[in-house]
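Step one of this worksheet: look at the structure below.
Since every read-out is calculated from the coordinates, none of them should be taken as a lab result. Remember, predicted model here, so these are calculated numbers, not experimental data. Cβ: placed from backbone, ideal geometry, glycine included. Neighbour counts: every protein chain shown.
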Ligand code: ZN
């Protein structure tokens, strides 16, 4: 089911979300449907009016490599390096901004068989940081416009 996406400046987008405690299987499926339809690469709970700590992500489907992921009670436990990308937000259409993010992160989250950790780099790391911001009521508008990354 495709859900309506909450738009800035709705105050729901500014809520610091609470931990997920119940079953969010059906919600996560709807969030993935909504993300793909938008179309986007990530969608966080508050963007569909649910102020709980979960987001969905597929950093590669636009490149032809679908990889739907659901992250419940995520926490960034390590950050390394720096990257700068132009980011968009489904809650703030037509307002891209260059945002500096870590180049690599380690994310802890609730998996099917308990808490687990996974390492992410590149666009997946940047997308995850963007969605993590949503869980704390932070938007790309709150970040200073970053200088373009130095050529490698
Ligand atoms: Zn966003």
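Calculated mean residue ellipticity at 222 nm for the chain: -5500 deg cm²/dmol, from DSSP H runs with n ≥ 4 weighted as -39500 (n - 2.57), summed, divided by the residue count and rounded to 500. Shape analysis of the stretch 43-121 yields a ratio of the Cα radius of gyration to the Kirkwood radius, Rg/Rh, of 0.97.
With the gyration tensor restricted to C-alpha atoms of the stretch 100-143, the semi-axes of the equivalent ellipsoid amount to 21, 14, 6 Å, longest first. State the Cα centre-to-centre distance between the stretch 71-123 and the stretch 1-55 in whole Å. A separation of 16 Å, based on Cα centres. The packing ranking, built from the mean of other Cβ atoms within 10 Å per residue, places the peptides 122-134, 18-30 in the order 122-134, 18-30, highest first. Listed peptides 106-117, 69-80 appear in the order 69-80, 106-117 once ranked by packing, highest mean of other Cβ atoms within 10 Å at the front.
Convex hull of alpha carbon positions in the stretch 1-91: directionally averaged projected area 6.8 nm². Global size of the chain: 14.6, 45 Å for Rg and Dmax (C-alpha atoms, Rg to one decimal, Dmax whole).
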